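The values are calculated or read from the model by the stated rules, or taken from the named source; none is laboratory data. Just so it is clear, the structure is predicted and the values come from calculations on it, not from any experiment. Glycine also receives a Cβ, built like all others from the backbone with ideal geometry; neighbour counts cover every protein chain displayed.
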Amino acid sequence: MSRHDFDVIGKDQKRKDGPKKVKGEHEFADDIQFPMMLHGRIKRSDIGHARIISIDTSKAEALAGVKAVLVGSEAPIKYGIVPQMPTEYALAYQKVRFYGEPVAAVAAVDAETAEKALDLIEIEYEALPVYTTPEQALADGAVKIHEDNKFPGNIAYESDQNFGDVDEAFKNSHYVLGKVFKTSYVNHVFMEPHCAISKFDTNGELFIWSTTQIPHYLHNHLSKVLQMDMNKIHVKVTGVGGAFGGKGEVSNNELISALLARKAGRPVKVLYSRKDVFLQHRGRHPIEMRVKVGVDKEGMITGIDYDGTMDGGSYGGWGLVILFYTAAMLHLPYNVKNVRFNARRIYTNKPTCGAMRGLGGVQPRFALESLLDQIAIDIGMSPYELKKKNAIGFSHETVSGQVVRHSEFRKCLDQAVENSGYLEKHGNLPFGKGIGLAGGYYISGTAYTLYMAYKPHSSAMIRVDNESGVTVYCGATDIGQGSDTVLGMMAAEKFGLPFETIHVVSGDTSLAPFDLGTFASRVTVAAGSAVCKAADNVLKKLKPVAAIQLGVSPEQLEARHGKFYSVFEKSREIDFWKVVEKYIDAHGPLTATGDYTPPRRTGDFKGANIGHSPTYGFSAQCTEVEVDVETGEVRVIRVTEAGDCGQPINPVSVEGQVEGSIIMGMGQALYEELKVGKDGRLLNPSLHDYKIPTAADIPELKTTFVDSYDPESPFGAKEAGEGPIQPVIPAIFNAVYDAIGVRFTEMPITPEKVLKALDEKKKQEGIRS
Amino acid sequence: MHCEPFEYEKPVSLREFESLYAARADDARILAGGTDLMVLIKEKLLAPRLLIDISDLHELRGISWDPRQGLTIMAGTKIAEIERSTLVKEHAPALAYAAANLGSNQVRWMATMAGNICHASPAAETPPVLLAHDCELIIGRQGGERTLPISRFFLSYRKTALESGEYVKAFRLPPLPARAAVAYRFKGLRRAMEIDMLNIGAYLELCEDGQTVSDVRLAMGSVGPTTYRAAVTEKKLKGMPIGEDFFAAACGGVVQEATPIDDVRASAEYRNRVIGVLTRRALEECLEIIGARRSAA
Ligand SMILES: Cc1cc2nc3c(=O)[nH]c(=O)nc-3n(C[C@H](O)[C@H](O)[C@H](O)COP(=O)(O)OP(=O)(O)OC[C@H]3O[C@@H](n4cnc5c(N)ncnc54)[C@H](O)[C@@H]3O)c2cc1C
């Protein structure tokens, strides 16, 4: 099939879940009810760091309507998404490590009774010092937050990597610029709070409905914490109202609902409030980064030196993986020969940081794109020219051994610059107005699993029959990004059938074959490949049947427009469903499977294998801002984006991803910040006080695709969900610099900071003149 | 969300409401849109024994205009109705604008202006405009009513001049003289769904010469325990000719009279600085409106 000759792929498809969501018909976890179902609520610590001396649940148990009360010692088994480093318990066991940590839970006949019961639980603590910053946690004599932590003090993990010789490179550089950058403590703010319902049947099998990105890991953790065989556990992913990484780890409510359901002998739902969501957190790591970049006379990058301290919060979570991702992210999308990385993740007494859209990339990207912008300006070059010169070509291997098999990053830069008029505007707009450019990239899946395994990362099964049509079974999870649509479209294209006729069954560990989960922008490439392979295997079975009917060889046949026909003689054709019927009459049920394992690299890489991906997506953005120099308000006016996501499968969905990424990044650049009191308490855990952009704040968005097709990917596709957020923040910061000549290095840029910086600038200029 | 149990009554006539409220004033709360009240109850900051829902009282709804009395807005009128009303747009456009910037569409269809002023938050959206209009409140109680200028309504943080058993019945905005206008300016971190870091309502009236300030009112929000007028500055500005000195005196004056604190939304320093900026912009807008009206006439 030639690259652009598609009937379904690349055409905007209306998602089947769309109208259902608009009408309130799509089933989310909280919509699910069972007879006799109980409501679980969680008692959270009102202290930031402490030993638990005693928990008295007797009064809560005595309250009418309470059916079970649970404490940490009833499930003292540690778990964690990185299986080698489990750090968490379903409920705090012996210690609490952050203000608001789950300590006990109640299941009652209704939520009000459960909440009332929480107030009756008495907990005695022995207070420990509370550390809310890495600085405090690293101070001499600081108490260990995790006593069994292998690393010294409160260092959760540290890593050094060195490629080439950075010191030598800097010595020979024309210009070296270094700055300290700080990113803030931000949450994903997906719309739907966590919710899980657990139900044991009479045979002791557990059924759990949950809004998760990772049914497989949930399956695995439930088995561990509840000490049950995996084959007795059935995980069913409900509608997911957004996740962005925040549902990419098992959440306490899932384990608690299962433990309570087992104890009470009745189904239990545990729904989070927005405050619970902020406490579960797993948002972006605040990182203090000391970054230096050197260039030669031509503006070619000579080296990058990175030192980062990540504020991890109280538990491990994805932290270790993210630390290594930040290392990997230094190597692309520019050609860099010398890279040094020193970083550490620190435990603090705060809700845990974790995976959030574009994880590992957003922070270093902010620092690097800001520095490159400043370097270009300082050496009298257009930031565009400098970035274009350094941008990797069509294919590339980094000094760290990451292989990029396909890149159109240069096209992204060109197209964003051209569509925005960047070259005419940059440096030429009146004071208070500015334009900034930034580039970025992201992985399209991971090359390795979190635990040692050689099994395929994705698998799919397709069943075709004349009664139910085509059903694609795949463990991939649609978290709102539209993967069910994309997988269905791929099957539709393969079979030459309309998309509407394809059914997709996903996110169910009992029904669908194995998939790792929705993270690392892996689904389109990985699950897509599995579905394509399964479809090819179905066609392999059908074509010989059609061939005999038509009297041509199977290789000459193509499935299109509901028919099989000879590519040489179109009139030799037969209806698709007729062939299915004949196949089943003759051979019985028609099914086939397909699977996908990313290409493996050999060799010994630093940073384990993190950052290696089958393929990579790229993006460039030119962002225009207006700064009100009297009030300090920064307003993003327009964002012109050009993305290389390979062949967009469902373009309208890609646009949604890009637009969502821009708005999400903008929130972090300008408004969002979780504030923490000295005692570790969150000060703004509500959408009233934690501010995400509203519809009124959204700039004009001009998103475009560059012409791109990765021939090794399913239908040429690459990621589009996490790459586009990478340039957002530095593009805004660069635009603010262009507008008012202030180089901000700390998020978010609030009006107060703008006014202070302008004052400072005036003072400096006063001194100079 | 579990909260303390309360009784709920929904009277269908003003008389029924007044007698119920008179009998239970000590442990009852009026429930209008509930967009402030229910939040407080859920957060357990308030535990009234009885909620009296006034949303069915037709006597308390509606907007009317009388050339002598001005604009009358009944207490139970929804913010969204005020936002959309052609009468309000014509006679008090700054109020329509402030209403349009309160919360979200959903909130505006629940919320009332009486609720907004009775909650008496210093950051509230409508008080600056109402103060700029020097609006008169009609305050009801069983068997009577009284009027009170809004400038005497806000006593301190979340405290109003309502006596036990009294309620806000209506707002009366006197007709604007020729050569007078009201403008509203606010500042939040983002553009919508925001509790303001600062807001200001400005009233400017020029003398017949079109050059001299005959009267001015500046009502500031989020710079003190209540929304209040910069009375000293107002006095100083009267009689000044329009020009840079006037603007400088206005901006300098409000900063003098503002008493902001640091809180999660903004620092006192920021507020002090930007209240002057907003004041200038609001006064400039008043001038523009007056000018536009004159050239149209
Ligand atoms: C999401 C959200 C966003 C918001 N955004 C804004 C905003 O941008 N700007 C803003 O100013 N406010 C905002 N608010 C606050 C609130 O919506 C307003 O203050 C609103 O006007 C309150 O009106 P209500 O009718 O809902 O009052 P209620 O909550 O019903 O009542 C508030 C108080 O007034 C009393 N009361 C009500 N009517 C009368 C009466 N006629 N006489 C005597 N007492 C009475 C009640 O007893 C109660 O004490 C927001 C609220 C929410 C939930």
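List of remarks:
- If you go through the stretch B:180-224 and pick out every residue that is within 23 Å of B:ASP245 (Cα to Cα) and among the charged types (D, E, K, R), you end up with 6.
- Among the residues of the stretch A:304-344, the one identified as of a type in the set (Gly, Ala, Ser) and in contact with a Leu (Cβ under 7 Å, 6 or more places away or on another chain) is A:ALA343.
- Selection status of B:LYS78, within 15 Å of the ligand (Cβ to nearest atom) and more than 14 Å from chain A (Cβ to nearest Cβ): yes
- When B:LYS44 is tested against the conditions (1) more than 9 Å from the ligand (Cβ to nearest atom); (2) outside any loop (DSSP other than H, G, I, E, B); (3) basic (Lys, Arg), the lone failure is (2).
- Number of residues in the stretch A:379-401 that are touching a Leu at 6+ places or on another chain (Cβ under 7 Å) and either of a type in the set (D, E, K, R) or more than 23 Å from A:ASP296 (Cβ to Cβ) (or both) equals 2.
- A:ALA343, sole failed condition from (1) part of a helix (DSSP H, G or I); (2) of a type in the set (Gly, Ala, Ser); (3) modelled with pLDDT of 95 or more: (1)
- Among the numbered conditions (1) crowded, with 24+ Cβ neighbours inside 10 Å; (2) part of a loop (DSSP other than H, G, I, E, B), the only one that A:VAL736 does not meet is (2).
- Positions within the stretch B:86-101 being away from the ligand (no atom under 16 Å from the Cβ) and either of a type in the set (Ser, Thr, Tyr) or under 9 Å from B:ILE63 (Cβ atoms) (or both), in sequence order: B:THR86, B:LEU87
- Any pair with Cβ under 6 angstrom, 6 or more apart, that starts in the stretch B:24-38 at a residue that is more than 14 Å from chain A (Cβ to nearest Cβ) and ends at one that is basic (Lys, Arg) and near the ligand (Cβ under 6 Å from one of its atoms): none
- Residue match in the stretch A:698-707 (condition: part of a loop (DSSP other than H, G, I, E, B), in contact with a strand residue (DSSP E or B) (Cβ under 6 Å, 6 or more places away or on another chain) and away from chain B (no Cβ under 14 Å)): yes
- Candidates are the residues of the stretch B:3-23 that are free of Cβ contacts under 8 Å to residues at least 40 places away in the same chain and not in a loop (DSSP other than H, G, I, E, B); the one that is nearest to the ligand (Cβ to nearest atom) is B:LEU20.
- Selection from the stretch B:47-67 of residues that are within 13 Å of the ligand (Cβ to nearest atom) and either surrounded by 17 or more Cβ atoms within 10 Å (Cβ to Cβ) or part of a helix (DSSP H, G or I) (or both): B:PRO48, B:LEU50, B:LEU51, B:ILE52, B:ILE54, B:LEU57, B:GLU59, B:LEU60, B:ARG61
- Qualifying position, being of a type in the set (D, E, K, R), away from the ligand (no atom under 11 Å from the Cβ) and out of contact with any Ser or Thr (no Cβ under 7 Å at 6 or more places or on another chain), among B:ARG146, B:ARG141, B:ARG172: B:ARG146
- Listed by position, the strands (runs of 3 or more DSSP E) enclosed by the stretch A:174-285 that each have at least 3 residues that are of a type in the set (Val, Ile, Thr) are A:233-237.
- Total residues in the stretch A:674-697 satisfying the condition of being within 10 Å of chain B (Cβ to nearest Cβ) and among the basic types (Lys, Arg): the figure is 2.
- Screening B:GLY70, B:GLY33 for residues that are more than 13 Å from the ligand (Cβ to nearest atom) and either crowded, with 18+ Cβ neighbours inside 10 Å or of a type in the set (A, V, I, L, M) (or both) leaves exactly one candidate, B:GLY70.
- Residue within the stretch B:144-164 that is within 24 Å of B:SER13 (Cα to Cα), surrounded by 24 or more Cβ atoms within 10 Å (Cβ to Cβ) and of a type in the set (A, V, I, L, M, F, W, C) present: no
- If you go through the stretch A:337-346 and pick out every residue that is buried (at least 24 other Cβ atoms within 10 Å of the Cβ) and either within 17 Å of A:ILE301 (Cα to Cα) or without any contact (Cβ under 8 Å) to a residue 40 or more places away in the chain (or both), you end up with 1.
- Tally, over the stretch A:38-89, of residues that are acidic (Asp, Glu) and farther than 17 Å from A:LEU226 by Cβ: 3
- Residue check, B:SER104 within 14 Å of another protein chain (Cβ to nearest Cβ), within 12 Å of the ligand (Cβ to nearest atom), among the hydroxyl-bearing types (Ser, Thr, Tyr) and farther than 18 Å from B:ILE200 by Cα: yes
- Test for A:PRO351: is it under 20 Å from A:MET747 (Cα atoms) and part of a loop (DSSP other than H, G, I, E, B): yes
- The stretch B:253-267 - residue that is closer than 19 Å to B:PRO128 by Cα and surrounded by fewer than 17 Cβ atoms within 10 Å (Cβ to Cβ) and, of those, nearest to the other protein chains (Cβ to nearest Cβ): B:ILE261
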